[in-house]
1. Does Lys36 satisfy being under 27 Å from Gly131 (Cβ atoms) and in a helix (DSSP H, G or I)?
2. If you take the residues in segment 30-56 that are more than 21 Å from Glu80 (Cβ to Cβ) and open to solvent by less than 40 Å² (accessible area, probe 1.4 Å), which one is farthest from the chain's Cα centre (by Cα)?
3. May I ask you to say which residue of Val127, Val165 is more than 16 Å from the ligand (Cβ to nearest atom), crowded, with 18+ Cβ neighbours inside 10 Å and under 25 Å from Phe51 (Cα atoms)?
4. Condition (residue is within 21 Å of Val231 (Cα to Cα), within 16 Å of the ligand (Cβ to nearest atom) and in a helix (DSSP H, G or I)) applied to segment 101-120: is it met by at least one residue?
Amino acid sequence: MRKKLIAGNWKMNLDWNEAMTLFANLIQFETSKQSKADVAVFPPSAYIRHFYELASDRKSSIGIGAQDCSEYNGGAYTGELAASMIKSVGASYCLVGHSERREYHHESNDVLSEKVERLLENDVIPVFCCGESLDHRESGNHTFVTDNQLDGTIFELNEEQFSNVVIAYEPVWAIGTGKTASPDQAQDMHAFIRGLVQSKYGATIANNTRILYGGSMKPSNAHELLSQPDVDGGLIGGASLKVDDFGAIINACS
Ligand code: PGA
């Protein structure tokens, strides 16, 4: 049985005081409930160490993730953070292949593959994002495109490596737009992705792989999306910036 994972992608939002307040409130929420899901937040990297220490002090099980890492081990790459560095400040997860990175930073499958490798070498769980644009959805190419995003990257991993990866299906047309995939659309794509994992790695690994849905998940649609048999959690942007909304999504996990 896969345990759900509710992950908050804060993107480049919240200054230090706002972030500390939100995280402290979230810890309070999470420690006062018997949450049925694993919970993680992906704040701006500058906050990771402090969040990690606060979570440890308060005995919170909230995981901390980074939003990006370098494809290199270290060296003369100004502005970059190595996987070993984010690990050393307390990140246990890292996003890879978010559509905003693919689009604004032109990250190719080759670069994403390298990032995944660096993360796995450093015992950080990659949360690998995939999903089609509106054009691809409307032309009926959504499965083809998503397959290609996986084929050229995490499907190159061996079984042991792949077992440590979380997949996030995020249709680009649903990210930050308020337009959510219907529960049926989400379930179809998640089942499709799990089918691909099964043909590549077999039934046991496919059954154990967590596939999160991302794209305008909010309290009003979370329960229906999270009730789909192949939806194993959510990667939440906008609604993760308010403790009430994020908490309601955590509570929507049955
Ligand atoms: P959203 O973002 O929930 O604001 O649509 C999701 C994401 O980008 O991961």
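The values are calculated or read from the model by the stated rules, or taken from the named source; none is laboratory data. Predicted, not measured: the structure shown is a model, and the values here were computed from it. Cβ coordinates were reconstructed from backbone atoms using ideal geometry, including for glycine residues, and neighbour counts include every protein chain displayed. Just so you know, the surface numbers come from the protein's heavy atoms only, side chains and all, with ligands and any DNA or RNA stripped out. Shrake-Rupley method; radii C 1.70, N 1.55, O 1.52, S 1.80 Å.
1. Criteria not met by Lys36.
2. Leu54
3. Matching residue, one of Val127, Val165: Val165.
4. The answer is no; no qualifying residue exists.
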